[in-house]
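Contents: one structure, followed by commentary.
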Amino acid sequence: MMETIESLLHNYYYFIAVVLFVIGFHTMLTHSNLIKKVIAMNIMDTSVFLLFVTIGYVQGGRPPIMDAVTPPAGVDYINPLPSALILTGIIVAISVTAYALSLIVKIYKFYGTIDADEIAEIRGREE
Amino acid sequence: MEDQIVRMICRVIVPFIQIYGMFIIIFGHLSPGGGFAGGAIAGASMVLFALSFNLQAGSKKISEESASLLESGGALVFVLAGVVALVLGANYLTNLEAGFPAGTPGRLFSAGVIPVITLGLGLKVTSSIVTLFYHLIGGEEEEH
Amino acid sequence: MEEQLVTAIMMFVIVFPLFMTAVIMYVGQQSERLCNALSLATAAATFLAVLALYPEAVGGSVVEYDLFEVLPDLAVSFRLDILSYNLILLSSFIWLLATIYSIDYMAHEHGGERFYPVLMFTLGSCLGIFLAGDFFTLFIFFELMSLIAYILVIHEETPDALKAGYKYLVVTILGGLAIFLGVIICFELGGSVSIGEGPLIDEVSPLATMAFFSFLIGFGIKAGMFPLHVWLPDAHPVAPSPASALLSGIMLKTGAYGLLRMIFDVFSVEIMQQANWNLIMAILAVITIILGSAVALTQEDIKRRLAYSSVGQMGYVVLGMTVFNEQVLTGDIFHIFSHAIMKSTLFLAAGAIIWKTHKRKISEMAGLGRQMPVTFSCFAVAALAMIGIPPLNGFLSKWTLSLGFLEGGFAVYVLVLLISSMLNAMYYLPIIIPAFLGEREEEKSGDKEGEEEDWEDEAIVFNVDEATFRMVAPMVVLAVCTLVFGIFPANIPFDLSRLAAEFLLLGG
Amino acid sequence: MPAIEHYPIIMVAGLLLLAFIMPLLYIWKRNWCEPVAIFAISVALVMSLCIIYEVVQGDAFEEGYWMGGWEHFGIEFKADYLSSYMLAVIHGVGLLILIYGIGDLKKELVEKVRGWYYTLYLLLMGAMSGMALTNDLFNLFVFMEIVAISACAIISIKEDRECLEASFKYLILSAMGTGCYLLSVAMIYMITGYMNLDMVGETMALGVGEYPLNILVAMSLMVVSFGVKSALFPLHVWLPDAHASAPSPSSAVLSGLVIKIYAVALVHILFRAFPMEILKEVPMTDIILWMSTLGIIFGSIFAMVQENFKKMLAYSSIAQIGYVFMGIGLFDPERPEETEALVGGLLHILNHAVMKSMLFMIAGIIIYSAGLKKIRDFDGIGNRLKWPMYIFIIGSASMVGIPITGGFMSKLHLAQGAIAVDMPFFVMVIIASSLLNAIYYMPIFINAFLSESKHENVTFKPVPGSMMIPVVILGGLVLLFGIYPAPVIGVLESAVESLIQ
């Protein structure tokens, strides 16, 4: 038991990432407000980004920037790859978000609401 | 919204934001930042401008058409930079090995093809943000 | 004959009708006459080609030919042996007669340009089934034939036909899928699906049981075996009569052929007996015989009655497969011949009656025998053969079967045959006897209405008003066959059946 | 002429580039959009055929293609058998859909957005090719997102209310799938420190003992993610609306190609990244098998009750994608030599792509010509729309799995595979579903040809040749793959062999 708690405390960043992920997942599926869904989507993505960045972090490491001067020996660099990848991930997330928002604008224009349940109701009434 | 203070400050601040964005783009291969970040900043300046004045004034500065032209141009730069390496006989997007000049590390003109790519990305991201903004606003405008 | 020539003829009988389908389809849109002539020529050429194979088949040689490989180890291949030959001879013969019959029958119907190509296509695929060299090919042709035959079933396009056709289609697809499952299991257990390589499955296992039941369901559906016969009484009557004749006469036999091949080539006699599968088949067959005959009694529509009678008769064929001695198998295969000939005669005659008088109800047919003597004589001969009156061929097949059953120690099956013959008599005689001896309906009603009209009717009654020559001739030919094959026990079909039975019992 | 090794990257980059040039063309030379798009996909098709030829014959693609020459830590493109097969499918079917779309879209889309359609289409094609080719988990993610966005956009481009709502639903669920995928990739990276599939595979084999739970979770997330994206039952909820409401060419490409590419990606990851020992420990293939079984049965049952033709086709896609996954599920890690089922599943990708896009095109033709959407309105249209309905017969025969059509060949392989791993139950599933397919596909054309026409007074718009020809070609392909599937199966057998090793 103690070991579990200890390892959880030791790896708290994983824990937080997973909590965030679940929050996002849950909100996305249960809330009917479309904007909230988009926000949840972002929370979910962010949680993964955080997890990714923490994977690449090295305790006490330096930012991986190449200087003109040769770095002194024994200095660790932070793994730059996850950060670079996450940058791409963020861009992707932004574009998805932007697209989702523009869809919401259009949906609002057609249905006069941004609530998924109400939209379903309107469509049900039509059929 | 006819707020003189906002407009005045915006007028003063927008060039600085844009220059900062350009800086981040151009120094992308030397310091943190690069095409994505710089492009976002430069694009945000246009958004700010359009918000504080109005859409018409904004689209006078950069029209939707030219935004999409820039967007395609940015992508074109990226792909062509990759293809040049192909023509030079190396793999796609190969940098120094393909024969691009390396320059002096740490100076502005260095790192071969990377600044070109960063520039292309910057253009693309700037124009994308502007286009997105127009599209979102456009949806609202049509309604009213 | 040279091997290559035989192969060429064999391929010709399959490919030629299929090829002519396209030609007839194209020509049919231009000229009806040409379309008729071409169909006739195709059927005749196929029949002649099949005849040319006679010496080779009787000589006992087996010809195999691989066309091409669809998948590794799964080839489209063909094979001619004596059993296949029996059935292709029968099919091409009946097909030829049905085609002749169709020319006048279809002249007044719509959609001839659709009927003939389909007729030729089913001929080609039917011969493909009988000549298949492996179960995969057999399955493919089986599916093709069954599905294309759908167009024959719904030819009239009445709501009834469409409903029956839909039932037929669904059941057929179910059957096709069942055979598919069987072929797959067979391939997996035996590593091959070739016919004639000895038993493909040589031990009883759950999978083998599954294969048996898949084949039984698949072929049983086609053969109209209880409880899978449900589609048959609906589908056969609604088709145009020449098509009904072929559906009942030949296409049911593809199911029987499949079952024979299953027993002797997928499994073996030993396995069938060891797992008691032959008893399962026998029980189903007995139920089929009794049920088919009994339900036929209750049918008022003549073609429906004939269709139920087909169910009963197919029961004989299936029952005959479950006892493995030469006598029974000879009778069994000969019954395939007899039933095809008899049932085709009956359907063609019924078609002529309906065509001429537009009467489908049996009660309305009283007295028609005097109007259409030839047609009704053919009908009567075939019906008597069905009942099993000597010296007709139906008697010969039942006799042979009964002797075989007694020899094999299954006396109770003979009892079943007897009961069924009685039932047959009960539903066929009420058609024939009033037809010749009874009063016509018009006469009855005339009695009530007045003297003068009665007198006029009288004149019509004795007017012989037959269907056209091209419709009557095939019936007569078939009726003569019924007689001839019964009178001379040493006729060609009987010899062929005996050879086939020997061949099968020797292990394929 | 650049060397053949460069073809994959030229294909992907070229398609993406042209996608971005499309809006410009649309501004300047409006009429050029369509020819340029067709030209681009044709070139891509020729290239993918060259690639497939080279993969089978030569050894140009033995080594991966490292972007920027950064061996072992850059992005790698690798054209193996499966990817090159998928490329050919994508571009072959994609080209025909594109040609078909020219006529159809004139009716379905407003003039203003038609140029954007080609942008999205090329983007979709490029990104799908990228997904098939890439050997890098993160690069796969990027391409997946491009596919997801352009797939959503290609639905919502027709701005009516159903499309927008369907598209949003699709986007959200697909974002959920992406989230799961990314989390899974994070875990894989945590264990192995690589993104490259081959290296992940090598390293993971070493890490099995140390991080079994991580691997397990990563694998489940991966299956969930790809399951959502390719509409594996019960994660299919987005599909019917999305595929039914979209413009017909979009439906064709979405149902025909987009859902398959995720299945291919899953096969790549499952067999190359996760070592065989893990597959033996975890009943993952069994879970996929049961999910696909439920999908096959319920997809067919749902399809039966639909009134809208396109919705019926969409539900049928859920059932059909079940076959693809059933192929994966029937792979038994204990008996890796029994590969028929996997071959059958992968073969069904091609067959279903061909037949389902064909059926959607026919649905589009009916809507285009007569404006009919409900199945019960189709009575008697067979005489007016003769050729489309003839081809429809071929398509539905293939759906049912009648011999000499493509659908039969995939079912044959699946059934063989099921028997080979001693699971005859799944043959019954295949048979049951074929029967269900028969029950809902057959009445449509029967009624179309034989029922009384209700449309005596309706004028049927003539169907342009550009819409008819692709349908006819696809109909021919269905028969071709049913009669002579040997070359495709040859490629797929090598593909499976190289995946399993």
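Read-outs: derived from the displayed coordinates by stated rules, not from any lab. Just so it is clear, the structure is predicted and the values come from calculations on it, not from any experiment. For neighbour counting, all protein chains shown are included, and Cβ atoms are generated from backbone atoms with ideal geometry for every residue, glycine included.
Divide, for segment D:283-501, the radius of gyration over alpha carbons by 2.2 N^0.38 Å, where N is the residue count. Before the final figure, lay out the partial values.
Values: Rg = 18.2 Å, N = 219, 2.2 N^0.38 = 17.1 Å.
Here the answer is 1.07, to two decimals.
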- Query: With the radius of gyration and the Kirkwood radius both derived from the Cα set of segment D:451-501, what is their ratio Rg to Rh?
  - Reply: 1.35
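May I ask you to derive the FRET efficiency for B:Leu136 and D:Ile469 from their Cβ-Cβ distance with R0 = 41 Å, giving the value to the nearest 0.05?
Numbers: r = 40 Å, r/R0 = 0.98.
Approximately 0.55, to the nearest 0.05.
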- Query: How many partner chain Cβ atoms sit within 10 Å of a residue's Cβ in peptide C:62-70, on average, as a whole number?
  - Reply: 2
- Which order do C:Cys378, D:Cys50 fall in if you start with the one that has the fewest other Cβ atoms within 10 Å? D:Cys50, C:Cys378
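I need C:Val204, A:Val38, C:Val13 ordered by Cβ neighbour count within 10 Å, fewest first.
On the way: C:Val204 16, A:Val38 24, C:Val13 27.
In order of increasing Cβ crowding within 10 Å: C:Val204, A:Val38, C:Val13.
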- For peptides C:352-362, B:121-131, D:382-392, sequence by mean Cβ density within 10 Å, most packed first: B:121-131, D:382-392, C:352-362
- Note to self, chain A gives a 222 nm [θ] from helices alone (DSSP H runs n ≥ 4, -39500 (n - 2.57) apiece, / all residues, nearest 500) of -25000 deg cm²/dmol
- The Cα radius of gyration of segment C:294-435, divided by 2.2 N^0.38 Å with N its residue count, comes to 1.07
- Going by average Cβ neighbours within 10 Å, how do the peptides D:411-417, C:472-478 rank, with the highest at the top? D:411-417, C:472-478
- Item | Hz values of 3J(HN,Hα) by residue in segment C:330-343 - Karplus curve (6.51, -1.76, 1.60), Gly and Pro given as x | 4, x, 4, 5, 5, 5, 4, 4, 4, 5, 4, 5, 5, 5
- Item | Listed residues C:Ile354, C:Leu90, C:Gly220: farthest to the positive end of the dipole of the protein assembly as shown (Cβ charges) | C:Ile354
- Per-residue HN-Hα couplings for segment C:465-480 [Karplus 6.51, -1.76, 1.60; θ = phi - 60°; Hz; x = Gly/Pro]: 10, 7, 6, 5, 4, 5, 8, 6, 4, x, 4, 5, 4, 5, 5, 4
- Looking at this model, which pairs from D:Lys106/D:Lys158; A:Lys109/D:Lys311; D:Lys112/D:Lys169; D:Lys260/D:Lys356; D:Lys169/D:Lys374; B:Lys124/D:Lys78 are more than 20 angstrom apart at the alpha-carbon? A:Lys109/D:Lys311; D:Lys112/D:Lys169; D:Lys169/D:Lys374; B:Lys124/D:Lys78
- Send over the semi-axes of segment C:40-124's equivalent ellipsoid, whole angstrom and largest first, taken as the square roots of 5 times the C-alpha gyration tensor eigenvalues. 30, 19, 8
- Once you average over the residues of A:19-29, how many Cβ atoms of partner chains fall within 10 Å of each Cβ? 2
- Residue-averaged beta-carbon neighbours from other chains (10 angstrom radius) around A:82-91: 5
- Among D:Leu164, D:Ile430, D:Ile375, pick out the residue whose Cα is farthest towards the positive end of the charge dipole of chain D, where Lys and Arg carry +1 and Asp and Glu carry -1 on C-beta, about the Cα centre. D:Ile375
- Query: Relative to the first principal axis of the alpha-carbon coordinates of chain D, what is the inclination of helix D:33-57, with its axis defined by its Cα atoms, in degrees from 0 to 90 and to the nearest 10?
  - Reply: 40
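Tell me, Kirkwood radius of chain C from alpha-carbon pair distances, in Å? If you can, show how the numbers build up before the last one.
Numbers: mean 1/r = 0.0437 Å⁻¹.
Hydrodynamic radius (Kirkwood, Cα pairs) of chain C is 22.9 Å.
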- Sites removed, the longest contiguous part of chain D containing no DSSP-loop GluC sites (Glu not before Pro) with at most 12 other Cβ within 10 Å is D:72-209
- What distance in nm separates the simple spin-label points at C:Asp495 and D:Lys106, each placed 7 Å from Cα in the Cβ direction? 7.1
- Task: When a/c is below 1.5 the answer is rounded, else prolate if a/b is larger than b/c, else oblate, so apply that to segment D:68-171 with a ≥ b ≥ c taken from the square roots of the Cα gyration tensor eigenvalues.
- Result: prolate
- Globularity ratio of segment D:91-226, using Cα Rg and 2.2 N^0.38 Å: 1.30
- Message: Students often forget the sequence filter, so: which lysines lie under 26 Å Cα-Cα from C:Lys303 once same-chain residues fewer than 8 apart are removed?
- Response: C:Lys163, C:Lys167, C:Lys222, C:Lys253, C:Lys343, C:Lys356, C:Lys359, C:Lys361, C:Lys398, C:Lys444
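Between A:Leu29 and A:Thr113, what is the FRET efficiency for a Förster distance of 25 Å, r being their Cβ-Cβ separation, to the nearest 0.05? Walk me through the numbers on the way to the answer.
Numbers: r = 19 Å, r/R0 = 0.78.
With a Förster radius of 25 Å, E is 0.80.
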- Return, ordered by residue number, the residues of segment C:238-267 whose backbone nitrogen is under 20 Å from a label point located 7 Å along Cα→Cβ of C:Ile283. C:263
- Query: Among D:186-192, C:96-102, what's the highest-first ranking by average C-beta atoms within 10 angstrom per residue?
  - Reply: C:96-102, D:186-192
- Which residues in segment A:22-47 have a backbone N closer than 18 Å to a point placed 7 Å from the Cα of A:Glu126 along the Cα-to-Cβ line? A:34
- Query: Which whole-Hz couplings ³J(HN,Hα) result when phi for each residue of segment D:480-488 is put into the Karplus expression 6.51 cos²θ - 1.76 cosθ + 1.60, θ = phi - 60°, listed in order with x for Gly and Pro?
  - Reply: 4, 6, x, 8, 10, x, 3, x, 4
- Item | Theoretical FRET efficiency, 1/(1+(r/R0)^6), r = Cβ-Cβ of D:Glu71 and D:Ile500, R0 35 Å, to 0.05 | 0.85
- Query: Roughly what would the spin-label model give for D:Lys373 and B:Leu48, points 7 Å off Cα along C-beta, in nm?
  - Reply: 4.7
- Message: Compute the helix-to-body angle for C:451-461: its Cα long axis versus the longest principal axis of chain C, expressed 0 to 90° and rounded to tens.
- Response: 40
- Item | Spin-label pair A:Leu8/C:Lys163, simplified geometry with 7 Å Cα→Cβ offset, distance in nm | 6.8
- Query: If only Cα atoms are counted, what is the Rg of the protein assembly as shown, and what is its Dmax, in Å?
  - Reply: 36.7, 133
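Based solely on its DSSP helices, what 222 nm [θ] is calculated for chain C when runs of n ≥ 4 H residues each add -39,500 (n - 2.57) and the sum is averaged over all residues, nearest 500 deg cm²/dmol?
Working: 23 runs with 382 residues, N = 508.
Value at 222 nm, helices only, nearest 500: -25000 deg cm²/dmol.
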- What's the exposure ranking of D:Lys374, C:Lys343, C:Lys398, going from fewest to most Cβ atoms within 10 Å? D:Lys374, C:Lys398, C:Lys343
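Convert 4 °C to kelvin, take the viscosity as 1.567 mPa s, use the Kirkwood radius over C-alpha pairs of segment C:169-266 as Rh, and evaluate the Stokes-Einstein diffusion coefficient in µm²/s, rounded to a whole number. Present the calculation step by step, with values, prior to reporting the outcome.
Numbers: Rh = 14.0 Å.
D = 93 µm²/s.
Would you mind working out the magnitude of the charge dipole of the protein assembly as shown relative to its Cα centre, with +1 at each Lys and Arg C-beta and -1 at each Asp and Glu C-beta, to the nearest 20 Debye? Mind showing how you got there, number by number?
On the way: 62 positive and 106 negative charges, 547 e Å.
It comes to approximately 2620 debye.
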